[in-house]
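One structure is given below, encoded as structure tokens.
The values are calculated or read from the model by the stated rules, or taken from the named source; none is laboratory data. Note that the coordinates shown come from a computational prediction; the quantities given were computed from them, not determined experimentally. As a convention, Cβ positions derive from the backbone with ideal geometry for all residues, glycine included, and neighbour counts pool all protein chains shown. SASA here: full protein model, heavy atoms, side chains in, ligands and nucleic acids out. Shrake-Rupley method; radii C 1.70, N 1.55, O 1.52, S 1.80 Å.
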Amino acid sequence: MSELLDENGKNHKRVAFLVATEGIERVELVDPWDAVKDAGHTPVLVSTESGEVQTFDHLDKAETRPVDQVVADADVDSYDALVLPGGVANPDALRMDADAVELVRAFVASGKPVAAICHAPWTLVEADVLKGRRLTSWPSLQTDIRNAGGEWVDEKNVVDGNLITSRNPDDIPAFVSALLEALQHGVDSAVSTD
């Protein structure tokens, strides 16, 4: 397990944030990242290439962020959870990267929390991990999710096993709450909200 203990014996967990090099919706990366960090855990930016990634505020360039690890070098055993931020171009690029798709597939199979927001479930579709799963996303993905064997619902936050999903930036508070609950008390304690 990748948990770290501080001087007081408190559990600190490592959370992988998997993104492409550009097209990441800034708020869907930064808000969960800050919440994970503020809760005493260690967020790690994993991307398809080294260097920096470009975030966006919808279609406008926002800030860049340094990459901590290239996805080809990442493994599930080094992390306690996976977060998949959205943005249209980000998950579309990730689903074309074999290493990213394999990491997502391995995380889902591991039973560790996998949190995906907005367009991010496209990578879950590509990883072929949605059969029989209930989830939400940006509405335009519902046909893709259904075609992949998932049940799409229009709710702000859905937890199904180790999958935590939300629709859009307005749902970030519920998304973050479920993620932090899963980190602190296990995925069984995270709950869906509507």
Requested in this report: Please specify each residue of region 128-138 satisfying the condition of being of a type in the set (G, A, S) and either surrounded by fewer than 18 Cβ atoms within 10 Å (Cβ to Cβ) or in a helix (DSSP H, G or I) (or both).
Outcome: G132
Query raised in the report: Are any of the residues in region 33-40 surrounded by fewer than 20 Cβ atoms within 10 Å (Cβ to Cβ), of a type in the set (V, I, T) and modelled with pLDDT of 95 or more?
Result: no
Query - Unmet criterion (only one of (1) touching a strand residue (DSSP E or B) at 6+ places or on another chain (Cβ under 6 Å); (2) polar (S, T, N, Q); (3) part of a helix (DSSP H, G or I)) for S177 - result: (1)
Report summary line: Subset of region 139-158, residues farther than 18 Å from V27 by Cα, outside any helix (DSSP H, G or I) and in contact with a strand residue (DSSP E or B) (Cβ under 8 Å, 6 or more places away or on another chain), comes to G150, E151, W152, V153, E155, V158
Report task. For L141, work out the one condition from (1) open to solvent by 10 Å² or more (accessible area, probe 1.4 Å); (2) over 20 Å from A81 (Cβ atoms); (3) in contact with a Phe, Trp or Tyr (Cβ under 9 Å, 6 or more places away or on another chain) it doesn't fulfil. Result -> (1)
Query - Matching option when the condition is of a type in the set (A, V, I, L, M, F, W, C), buried (at least 16 other Cβ atoms within 10 Å of the Cβ), out of contact with any Leu (no Cβ under 9 Å at 6 or more places or on another chain) and in contact (Cβ under 8 Å) with a residue 12 or more places away in the chain, among V44, V83, V70 - result: V44
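Condition check ((1) open to solvent by less than 60 Å² (accessible area, probe 1.4 Å); (2) at pLDDT below 95; (3) over 27 Å from D144 (Cα atoms); (4) not in a helix (DSSP H, G or I)) across all residues:
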position: S50; (1), (2), (3), (4): no, no, yes, yes
position: Q54; (1), (2), (3), (4): yes, no, no, yes
position: K61; (1), (2), (3), (4): no, no, yes, yes
position: P91; (1), (2), (3), (4): yes, no, no, no
Query raised in the report: Which residues, taken from region 162-181, are touching a helix residue (DSSP H, G or I) at 6+ places or on another chain (Cβ under 7 Å) and among the small types (G, A, S)?
Result: S166
